[in-house]
1. Helix 63-78 against the longest principal axis of the chain: what's the angle in degrees, Cα atoms only, rounded to the nearest 10?
2. Just from its helices, what would the mean residue ellipticity at 222 nm be for the chain, if runs of 4 or more DSSP H residues each count -39500 (n - 2.57) and the sum is divided by every residue, rounded to the nearest 500 deg cm²/dmol?
3. What is the distance, in nm, between label points placed 7 Å from the Cα along the Cα-to-Cβ direction at residue 128 and at residue 19?
4. Among 106, 134, 144, determine the one that fluctuates most according to a GNM of the chain built with springs between C-alpha atoms less than 10 Å apart.
5. Please give the helix 28-42 orientation as an angle from the longest Cα principal axis of the chain, in degrees from 0 to 90, rounded to the nearest 10.
6. If you take the square roots of the eigenvalues of the alpha-carbon gyration tensor of the range 80-140 and sort them as a ≥ b ≥ c, do you get rounded (a/c under 1.5), prolate (a/b over b/c) or oblate?
7. Can you tell me the convex hull volume per residue for the chain, based on C-alpha atoms, in Å³ to the nearest whole number?
8. Output the 0 to 90 degree angle, nearest 10, between the alpha-carbon long axis of helix 90-114 and the longest principal axis computed from the alpha carbons of the chain.
């Protein structure tokens, strides 16, 4: 039986452009996630009014949903600010980006649902400042995550195989 092959760890810190790292780790995305968590914990009625344009949709009976959403955003912030800082492995970063992309796509679908569907969502002239802020704060990091996952602009993303002893 041949010994298993192993792959070398490719460091995210040296493989990813600074703009990617600033977006995902050091600046934008963790702060946006933390802000979303604080908003859903402290002012859920305001959050609902801004995201749906209908303040009457908030119900204290649904507070548990806003607590869950805030918890998900805290997980984002933790993964980006802590895990990605402590684990300098491009493969781990790519996996985290895949998971965050899935969540972001679902979040955008929920934003479309919140305003009444695609026919309302696509009327950009009717957007309020909060709509633009939500869109900009999510789409920019999503683009960076797609670039990371696809390896665009990533140095050394090819896999290197190291043979085990005795080969």
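Each reported figure results from applying straightforward, stated rules to the coordinates on display, with no laboratory input. In this text, all values refer to a predicted model and were calculated from it rather than measured experimentally. So basically every Cβ, Gly included, is an ideal-geometry build from the backbone, and we count neighbours across all protein chains shown.
1. 30 degrees
2. Calculated at 222 nm, the ellipticity per residue is -18500 deg cm²/dmol.
3. A separation of 3.3 nm, rounded to one decimal place.
4. Ranking 106, 134, 144 by mean-square fluctuation puts 106 first.
5. Rounded to the nearest ten degrees, it is 40.
6. Judged from the Cα gyration tensor, the range 80-140 comes out prolate (a/c at least 1.5, a/b above b/c).
7. In the chain, the Cα convex hull volume per residue is 147 Å³.
8. 20 degrees
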